[in-house]
Each structure stands twice: as C-alpha cells, then as structure tokens.
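Report on the following structure.
The values are calculated or read from the model by the stated rules, or taken from the named source; none is laboratory data. If you're wondering where the values come from, they're calculated on a predicted model, not measured in any experiment. When we count neighbours, we look across all protein chains shown, and the Cβ atoms used for this are built from the backbone with ideal geometry, even at glycine. The accessibility values were calculated without ligands, DNA or RNA, using every heavy atom of the protein model including side chains. Shrake-Rupley method; radii C 1.70, N 1.55, O 1.52, S 1.80 Å.
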Amino acid sequence: MDISIKILRYQPEKDEKPHWQLFKFAIEDEATILDVLNEIHWVHDGTLSYRRSCRSSICGSCAMKVNGRNVLACETPIHRFGTRLKIEPLSGFSIIKDLVVDLEPFFAKLKRIKPYLIVDKPLPDKEFVQSTAELETIGESTLCILCAACSAACPSSWPNQEYLGPAALLKAYRFIFDSRDDGSDERLEIINDKNGVWRCHTIFNCVEACPKKIKITEYLSRLKVKAVENSL
Amino acid sequence: MKIDEARNYHKIDAVIVGAGLAGLRAALEVAKSGLTAAVISKVYPTRSHSGGAQGGIAAALANAAEDSPQMHMFDTIKGSDYLADQDIIELFVNEAIKTVYEFEHMGVPFSRTEDGRINQRAFGGHSSPRACFAQDVTGHVLLHTLYEQCLKHNVFFFNEFQVLSLLLENDVARGLVAWDIRAGGLHIFHARAVLLATGGYGRAWKVTSNAHANTGDGVGLVLEAGLPLEDMEFVQFHPTGLYKHGILLSEAARGEGAYIVNDQGERFMKKYAASKMELAPRDIVSRSEQTEINEGRGIGGKDYVYLDLRHLGKEKILQRLPQIYDLALNYLKVDAVKEPVPIQPTAHYSMGGIPANARTEVIKDAKGTVVRGLYTAGEASCLSLHGANRLGCNSLQDAATFGRIAGIRMGECCRENAYSDLPAEPLAKAQAKIDRLKQAPGKEKHAPIREELQVNMTKYMGVFRNEGDMGKMKAIIKQLQERYRMVAIDDHGAAFNLDLIEALELENLLSFSEVIVEGALARKESRGAHFRTDFPKREDGQWLKHTLAWRRDGKIVLDFSKGVVIFPQYQPQERKY
C-alpha cells in the first residue's frame with residue numbers, strides 16, 4: 001500500500017534544531033514500522049539513523065514514538081496506524097541524531113538503585129529454594145527490556161532529570177520483593193525520597209507505553225506501601 | 001580527519017569485545033579479581049542477542065528426572081555428529097552445573113519445581129529434561145542479571161563502539177581500535193588480554209533468527225589479521241522460524257509438547273525420527289521439514305509447515321510460552337491458542353568460528369600454537385564444543401561457562417605479562433577503512449550488495465547443499481566483493497552514522513561468507529548441519545576432522561590436519577533418534 005511518513009530528522013553537524021522530512025512510497029501491507037525505516041535507510045536516504053537489533057521485541061533498541069504513541073518499531077505493524085505515519089524519537093531525552101536519543105542518563109539511574117541481588121546469608125550448595133508463589137511476585141517485573149518507553153511517557157520524568165523514573169523503580173521492586181534478597185533496607189533508603197518512588201503520581205502512562213504490558217504503576221504502589229511500612 | 005590520540009587512548013588490563021553472555025561473564029570474572037575490565041559493544045549490553053535465547057540453559061541438575069554429566073556428555077557428542085572435541089565437552093558438562101547455581105545465586109528468576117528448586121524441561125537431542133528455564137525468556141533474564149552484576153563490580157562499558165582492527169604483532173595481542181558510534185572518532189584500547197565474544201554470523205542469510213547486530217565482526221577481524229577460522233561451513237538452521245520473518249520460536253514449544261505437522265495434518269517426524277519425534281536434534285528436524293516442503297507437503301503446497309500448540313491448552317501456553325504466543329500474534333496475527341503457527345527453517349547458530357583451545361586461547365594453526373593474550377568465547381568461538389550440530393540450550397551454557405573460563409585465563413595472562421608495545425601505526429588500518437568509505441568515488445551502495453548476499457545464501461547455502469549451487473554462490477560472492485570496493489556511503493557525519501556501520505559490517509559478511517562456501521565445497525560428506533545431496537553419507541574415514549581456513553593473498557586456504565579429540569569410550573556410531 002502507499003504510505004506517507006513524516007520523520008523528525010536531526011543531524012547535529014548540520015541542523016540547528018530538529019525538522020520534519022516527508023517520505024512517500026509503497027510497501028507491503030504487513031510491513032512493520034522497522035521495515036519502513038529500513039526501506040528508507042536502505043533505498044531512499046542512507047543518512048537516516050535509528051537503533052534496532054533483535055527484530056523480536058526482546059532487545060529494546062527500537063522504542064520510538066509513532067503517531068504520538070511509544071512503541072517498539074520491530075513489533076508494530078503499520079496497519080495499526082493506517083497509511084499516514086509520524087515517527088519521532090522518544091520524548092524526554094536529548095537527541096543524538098534523528099531517532100537516536102541519549103540513554104546514558106536512563107542507564108545511570110538503573111545503577112543508582114543497586115540492581116543486583118544482595119545476600120547476607122551463606123550461599124547454599126545448590127539453589128536457593130523459592131516457591132512458585134514467591135517467584136510470581138516478581139515474575140512480571142523481570143520481563144522489563146529497558147527500552148525506556150515508560151520513562152519517555154512519564155510526565156513526572158520530563159521536568160525532573162533527578163527522578164529515578166519508572167524503569168529504575170521497577171527494577172528496585174524486582175529486587176526488594178525477591179524472596180532471596182537481603183538488601184531491601186538499603187534500596188528503600190534510596191527510593192524513599194522526593195525523587196524516588198514518591199515522584200510517581202500514578203498517571204499510568206508508563207503502563208500504557210510498556211511494550212511488555214508490565215503493570216509498572218501497581219508495582220511502584222507496592223513499593224510506596226513498603227517504604228511507609230519500613231519507616232514506621 | 002585528525003585523531004586526538006591522547007584523549008582517545010585507554011589502557012585497560014582486559015578488553016572484551018561483545019556484551020552478550022560470554023563477554024559479560026568474562027568481564028565479571030576479571031573485574032572480581034581486582035583487574036580492570038572494559039566491555040566494548042556495538043549495542044547497549046542488554047540488547048545483545050543472548051537475550052533472544054528463549055528456551056533454557058542446559059545442566060544435569062537432575063531436578064526433573066534422573067540425569068548426570070555423563071548423560072549430558074553423550075547426548076552432546078551424538079548431537080554433534082561426532083565432530084565435537086570430547087575433551088571440551090567433558091570440561092563443559094562438569095562446569096555446567098556450577099554455572100547454573102552461580103546464576104541462581106546472582107538472582108536469576110528461574111522457573112521453579114513444586115518444591116521450589118530450578119525447574120527443567122525437555123529439549124531436542126537431550127535424553128533427560130535438562131533445560132533450566134525462566135518461562136521462555138531465559139536468555140533475557142540471564143543477560144540482564146549479568147549486566148547488573150557487571151555494574152556492581154565496576155566493569156567499564158564502552159557502549160555503541162564498533163571494533164575496526166585488532167592490534168596484533170608477533171603473535172601477541174596488544175589491544176584494538178574501535179569507532180565511537182555515538183560521537184564518531186577512533187579509540188585505541190591498549191590491553192594485556194583481549195577477548196573476542198562477538199557472537200554468531202547468521203546475518204549472512206536472508207531468512208535468519210539473528211539480530212541485525214550478528215554480522216560476525218569478530219570472525220571477520222580474525223580473518224583480516226591473518227588468523228584462521230574453524231568449521232565455518234557448519235551453520236544450524238532452526239526448524240521453527242516464524243514464517244517469512246525467520247524470527248525464533250523456541251524449541252521450548254516442542255519441549256512442552258507442541259507438534260509439527262504438514263499439509264495433511266500429519267506429524268511427519270514419525271517418518272524421520274520415530275523415537276524422538278519433534279524432539280530430535282535441530283539438523284534432523286529442519287531437514288525433515290525441508291523435505292516435506294520440497295515434496296509438496298508444505299501447507300497449501302507452499303514453503304512452510306505448522307507448529308501446533310493448541311492441544312497444550314491456553315493456560316500452559318500463556319504460562320510457559322508467553323513470548324512465543326506474543327510473537328505469533330504480533331507478527332503473523334496468529335492466535336496460537338486457537339490456530340497452528342506457520343514456520344520454516346531459519347539460519348540460527350554458528351557452530352564454526354574462531355579456533356581456540358580449552359583455555360579459550362585463540363590458536364593460529366592445526367598444531368594449536370597460541371596467540372598470546374587473544375581469547376575467544378561464546379558463539380564467535382569454535383572450541384569445538386558443538387561439532388557439526390549444536391543441541392538446544394547448550395549455547396547459553398557454552399557462552400556462560402567458557403565466558404567464565406576466559407575471564408579466569410585472561411586474569412592469569414594479565415598477572416603474568418606486562419603490557420606489550422603497540423604496533424607503530426596503531427590507527428592506520430582502522431582509519432583507512434573509514435576514509436575509504438567516506439571518500440570513495442563509488443557508484444555502489446552497501447544495502448543492495450548485502451541483500452544479494454543474504455538472498456543467495458538462503459537459496460544456495462541452506463539446509464540442503466550441492467556442488468552446483470555452492471559453485472554459483474562462490475561466483476556471486478566474488479562479484480559482490482568486487483562491487484564492495486566501489487561502495488560509498490551517503491552519510492558523512494560523525495554522530496551515530498548508521499550508514500557507515502552497515503558498510504563496515506558488510507565487509508565482514510562478504511569476507512567470512514567466502515570461507516563458509518569454500519569449506520562446504522571442500523567437505524564432500526554430510527555431517528550434522530552440513531548436508532550435501534551429492535554426498536549424502538557421513539564419511540568418518542576421510543572427514544572426521546576440523547576445517548581450518550585462512551585468507552592469504554585474497555584466496556581462501558584450507559587445512560584439514562586438525563583432528564577431532566575422541567575418547568575410546570565414545571567412538572563414532574550411526575546417529576539414530
């Protein structure tokens with residue numbers, strides 16, 4: 001089918017600020033957003049840059065904004081949006097080039113919450129015993145692919161670079177609620193802060209944006225409860 | 001372009017290329033020992049393709065049924081069609097158990113048995129349920145866990161850097177030169193030990209489960225450095241690639257009981273592997289599938305068959321195989337609870353790669369002469385653990401176990417050796433690559449050349465091969481290499497120049513693809529994943545040996561004097577399932 005695509009372009013060496021560029025061509029009906037970008041880059045304009053790798057919704061490279069919604073380009077068929085597409089980089093991050101944004105602050109926040117199992121007890125010879133119910137408490141949160149779609153959709157994150165944001169807080173949840181972990185206190189100290197979990201205003205944008213359909217806001221709410229219990 | 005050498009110079013004990021399971025596990029080991037470790041990766045570490053692995057990681061924990069390292073060993077030997085080196089397998093099966101418990105202690109959220117231990121499921125070619133799994137996102141959780149451990153232990157990360165040349169002189173590795181993708185510019189990494197953990201080379205094919213990043217950059221660099229590659233003709237085609245897309249649908253589906261059926265609704269594996277059925281090793285299932293398709297029993301006579309999960313029931317599908325369910329729904333609009341999923345064989349795993357010994361030291365000849373300070377692990381390497389065909393869920397285990405061993409050995413190397421001097425003009429080779437692509441008068445573009453390579457590799461170098469097809473492929477590659485000399489890029493900017501990166505990757509694809517074809521032409525037998533219709537039998541008398549290949553003066557030179565390590569108790573037998 002014939003499609004018309006507007007892409008927000010920015011080449012730091014040439015452009016003072018981002019501008020829209022229009023492309024029009026025909027593509028197979030079942031094409032994905034990533035197929036569209038590849039078609040542009042490989043056939044029409046080699047200067048277009050974007051991130052992508054796995055093509056199967058697991059690496060998290062190709063999160064971007066299409067017609068106002070944050071999606072993974074690789075798993076999103078164009079027919080979800082019709083024949084007129086508007087593609088731009090994730091909001092809330094500075095643009096390096098075209099659809100590629102600076103994710104260093106995003107990954108730096110992850111490191112702040114001590115994203116690793118903290119164990120005080122002696123290690124068992126074999127595995128820690130963990131019940132299926134205990135695992136289920138954290139199961140969904142371990143599916144996060146760090147694509148940053150949630151943070152880019154979060155109005156609390158936009159004006160405040162210090163806010164840990166939904167992805168890092170979800171990771172904090174994943175460890176604090178892991179039955180094997182002994183590091184709750186030190187992590188709660190980090191997130192029980194005005195730029196920690198309390199900056200989440202339960203807007204639910206992150207949940208809507210998450211390509212893995214993780215109920216992030218719900219987990220952040222459980223963190224709030226835990227933070228309160230812990231400080232009593 | 002002038003390079004500010006002082007600013008872009010890094011002196012680090014161990015430099016690791018690739019941030020998948022092998023690279024990260026090695027980096028963690030080095031950093032924990034008190035040395036400095038840097039990981040250079042062209043994607044953010046959590047985006048490495050180890051994360052795409054779904055079904056599980058093999059270890060004989062015996063949590064779900066009776067099992068032992070010896071059983072794991074025999075299954076792996078038989079699965080390899082006897083081409084694997086048995087000393088490597090012995091080391092592997094014994095270390096595998098420790099590797100899994102280590103992962104669990106790091107916090108990996110493994111799925112659990114009823115009594116709270118790590119759960120295990122059946123996988124192709126394994127005689128016991130041996131795949132430790134986390135739903136069907138096993139690679140994803142292992143990768144994220146390792147990345148987080150590396151953050152804890154202060155591994156240095158150079159994310160979005162593309163390696164352009166190895167700094168190697170007199171058989172001693174001294175470091176490498178990499179391009180900063182984000183900002184542009186070359187960086188020198190001066191090291192005492194270098195690990196190549198750059199993953200597989202499945203991007204040479206059009207229909208592939210591999211990520212865009214899997215362009216075999218490590219194997220390309222090794223060829224360029226005058227070192228050999230091993231067993232490159234052995235490439236695994238996974239039987240359950242999502243139709244047209246090639247995207248992986250894990251073997252875990254069959255491990256949980258899914259069927260593969262043809263146009264007549266027949267579970268055709270009964271004709272090819274009556275006892276193992278769908279859980280025969282991948283080379284056999286892919287060949288069976290391709291035979292059904294070639295003989296007109298694909299669905300509607302077309303080039304695909306069905307993976308049928310329906311009888312597993314909604315609950316099991318959504319609980320154990322949620323990713324597979326989503327992939328089929330998103331990409332093909334197929335609801336796997338209600339409909340069968342169209343599948344076809346897809347290029348998946350590279351058994352061949354950079355030759356190394358049990359210490360993961362890169363070797364430069366059939367005698368095993370070591371290149372000091374140069375290491376390799378994971379899919380980029382050929383130890384040879386998988387021989388002619390890898391068993392499912394042995395790859396994550398391979399990457400993690402030999403990643404750890406590489407980390408230990410690199411640590412020893414760093415403690416025993418001072419930094420060796422850099423070659424006289426360390427940037428020259430890398431700079432020349434960049435300059436040529438930016439300044440070429442060129443009328444050629446990289447994208448159509450890559451497309452032609454991939455389409456023809458799928459057509460001529462697939463599940464079934466023969467002399468005529470491979471001869472055509474050889475000629476095509478020669479032509480494409482000629483055209484590549486005239487490639488120019490559109491984008492001349494410094495920041496995140498994807499055009500430049502793809503052009504650089506294509507040079508590697510064209511280089512090692514020639515080795516694949518030459519090795520496959522020379523090997524006049526059928527073994528594991530390498531099946532020739534003109535030589536359909538395995539020939540142990542002549543071909544029970546590894547292929548080594550060098551590029552010398554623009555030609556591929558082959559050597560078959562590297563034998564296979566075979567223990568007296570595991571002599572080659574006919575391979576039946």
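Checking each residue in region A:40-68 for being free of Cβ contacts under 8 Å to residues at least 40 places away in the same chain and among the aliphatic types (A, V, I, L, M) picks out A:I40, A:V43, A:M64, A:V66. Within region B:479-526, being without any contact (Cβ under 8 Å) to a residue 24 or more places away in the chain and within 30 Å of B:H546 (Cβ to Cβ) holds for B:Q479, B:K524, B:E525, B:S526. Among the residues of this structure, B:L504 does not count as one that is under 26 Å from B:H190 (Cα atoms) and touching a helix residue (DSSP H, G or I) at 6+ places or on another chain (Cβ under 6 Å). Is it the case that some residue within region A:150-164 is open to solvent by less than 40 Å² (accessible area, probe 1.4 Å), under 30 Å from A:A26 (Cβ atoms), assigned to a loop (DSSP other than H, G, I, E, B) and touching a residue at least 12 places away in the same chain (Cβ under 8 Å)? The answer is no, given that none of the residues of region A:150-164 is open to solvent by less than 40 Å² (accessible area, probe 1.4 Å), under 30 Å from A:A26 (Cβ atoms), assigned to a loop (DSSP other than H, G, I, E, B) and touching a residue at least 12 places away in the same chain (Cβ under 8 Å).
Whether any residue in region A:113-125 is more than 28 Å from A:N70 (Cα to Cα) and either among the acidic types (D, E) or not in a loop (DSSP other than H, G, I, E, B) (or both) is what I want to check. Yes: one or more hits. One residue stands out among those in region B:108-126 that are at the interface with chain A (Cβ under 10 Å from one of its Cβ atoms) and of a type in the set (G, A, S): the one that is surrounded by the most Cβ atoms within 10 Å (Cβ to Cβ), which is B:S111. When region A:83-108 is filtered for residues that are open to solvent by less than 30 Å² (accessible area, probe 1.4 Å) and either in a helix (DSSP H, G or I) or farther than 22 Å from A:Q11 by Cβ (or both), the ones remaining, listed by number, are A:F106, A:F107. Strands (runs of 3 or more DSSP E) fully within region B:294-380 that include at least 2 residues being open to solvent by 50 Å² or more (accessible area, probe 1.4 Å): B:370-376. Screening B:D469 on (1) of a type in the set (D, E); (2) within 14 Å of chain A (Cβ to nearest Cβ); (3) buried (at least 19 other Cβ atoms within 10 Å of the Cβ) shows it passes everything except condition (2).
If we scan region A:64-82, do we find a residue that is of a type outside the set (A, V, I, L, M, F, W, C), assigned to a loop (DSSP other than H, G, I, E, B), within 11 Å of chain B (Cβ to nearest Cβ) and in contact with a helix residue (DSSP H, G or I) (Cβ under 8 Å, 6 or more places away or on another chain)? Scanning region A:64-82 turns up at least one residue that is of a type outside the set (A, V, I, L, M, F, W, C), assigned to a loop (DSSP other than H, G, I, E, B), within 11 Å of chain B (Cβ to nearest Cβ) and in contact with a helix residue (DSSP H, G or I) (Cβ under 8 Å, 6 or more places away or on another chain). Within region B:473-503, the set of residues being open to solvent by 10 Å² or more (accessible area, probe 1.4 Å) and in contact with a Phe, Trp or Tyr (Cβ under 6 Å, 6 or more places away or on another chain) is empty. When residues in region B:245-265 are screened for being in contact (Cβ under 8 Å) with a residue 24 or more places away in the chain and open to solvent by 40 Å² or more (accessible area, probe 1.4 Å), 4 of them pass.
Does B:A475 fit the bill of being in contact with a Gly (Cβ under 8 Å, 6 or more places away or on another chain), without any contact (Cβ under 8 Å) to a residue 60 or more places away in the chain and in a helix (DSSP H, G or I)? No; evaluated as a whole, the condition is false for this residue.
When you check A:I214 against the structure, is it under 22 Å from A:G139 (Cα atoms), part of a loop (DSSP other than H, G, I, E, B) and among the hydrophobic types (A, V, I, L, M, F, W, C), yes or no? So A:I214 fits the description; yes.
Selection of first residues in region B:40-56 that are more than 10 Å from every other protein chain (Cβ to nearest Cβ) and of second residues that are open to solvent by less than 20 Å² (accessible area, probe 1.4 Å) and among the β-branched types (V, I, T), restricted to Cβ pairs under 8 Å at least 6 apart or on distinct chains, gives the following pairs, ordered by first then second residue: B:I40/B:V15; B:I40/B:I16; B:I40/B:V17; B:I40/B:V163; B:S41/B:V17; B:G55/B:T138; B:G56/B:T138. Pairing each residue of region A:95-109 that is closer than 16 Å to B:L151 by Cα and within 10 Å of chain B (Cβ to nearest Cβ) with any residue that is assigned to a helix (DSSP H, G or I) and hydroxyl-bearing (S, T, Y), provided the two are 6+ apart or on different chains, yields C-beta distances under 9 Å for A:F106/A:S151; A:F107/B:T46. Reported count of residues in region B:407-431, each being of a type in the set (A, V, I, L, M, F, W, C), in a helix (DSSP H, G or I) and exposed (fewer than 13 other Cβ atoms within 10 Å of the Cβ), is 1. Against the numbered list (1) open to solvent by 10 Å² or more (accessible area, probe 1.4 Å); (2) more than 9 Å from every other protein chain (Cβ to nearest Cβ); (3) not in a loop (DSSP other than H, G, I, E, B), B:A65 comes up short only at (3). Being of a type in the set (A, V, I, L, M, F, W, C), over 13 Å from B:E379 (Cβ atoms) and within 13 Å of chain A (Cβ to nearest Cβ) is a description that applies to B:I247. If the condition is being under 19 Å from B:T99 (Cα atoms) and either out of contact with any strand residue (DSSP E or B) (no Cβ under 9 Å at 6 or more places or on another chain) or modelled with pLDDT under 95 (or both), then region B:29-52 contributes B:K32, B:S33, B:S50, B:G51. Of the strands (runs of 3 or more DSSP E) lying entirely inside region B:127-208, those carrying at least 1 residues that are open to solvent by less than 20 Å² (accessible area, probe 1.4 Å) and farther than 27 Å from B:L510 by Cα are B:186-196. If you filter region B:210-231 down to residues that are within 13 Å of chain A (Cβ to nearest Cβ) and open to solvent by 10 Å² or more (accessible area, probe 1.4 Å), you find that the one that is farthest from B:T198 (Cα to Cα) is B:H212. If the condition is being small (G, A, S) and touching a residue at least 40 places away in the same chain (Cβ under 8 Å), then region B:527-577 contributes B:G528, B:A529, B:A549, B:S561. Put simply, of A:L188, A:L223, A:L135 the only residue that is in a helix (DSSP H, G or I), touching a Leu at 6+ places or on another chain (Cβ under 7 Å) and open to solvent by less than 50 Å² (accessible area, probe 1.4 Å) is A:L223. From the list A:V66, A:V71, the one residue that fits, being of a type in the set (A, V, I, L, M) and open to solvent by 10 Å² or more (accessible area, probe 1.4 Å), is A:V71. Does region B:321-336 include one or more residues that are at pLDDT 95 or above and touching a Gly at 6+ places or on another chain (Cβ under 8 Å)? No, every residue in region B:321-336 fails to be at pLDDT 95 or above and touching a Gly at 6+ places or on another chain (Cβ under 8 Å).
Name the residues in region A:3-48 that are in a helix (DSSP H, G or I) and open to solvent by less than 80 Å² (accessible area, probe 1.4 Å), would you? Selection gives A:I33, A:L34, A:D35, A:V36, A:L37, A:N38, A:E39, A:I40, A:H41, A:W42. Among the residues of region B:445-466, those that are in contact (Cβ under 8 Å) with a residue 40 or more places away in the chain, of a type outside the set (A, V, I, L, M, F, W, C) and either within 14 Å of chain A (Cβ to nearest Cβ) or over 17 Å from B:T346 (Cα atoms) (or both) comprise B:K445, B:H446, B:R450, B:E451, B:Q454, B:N466.
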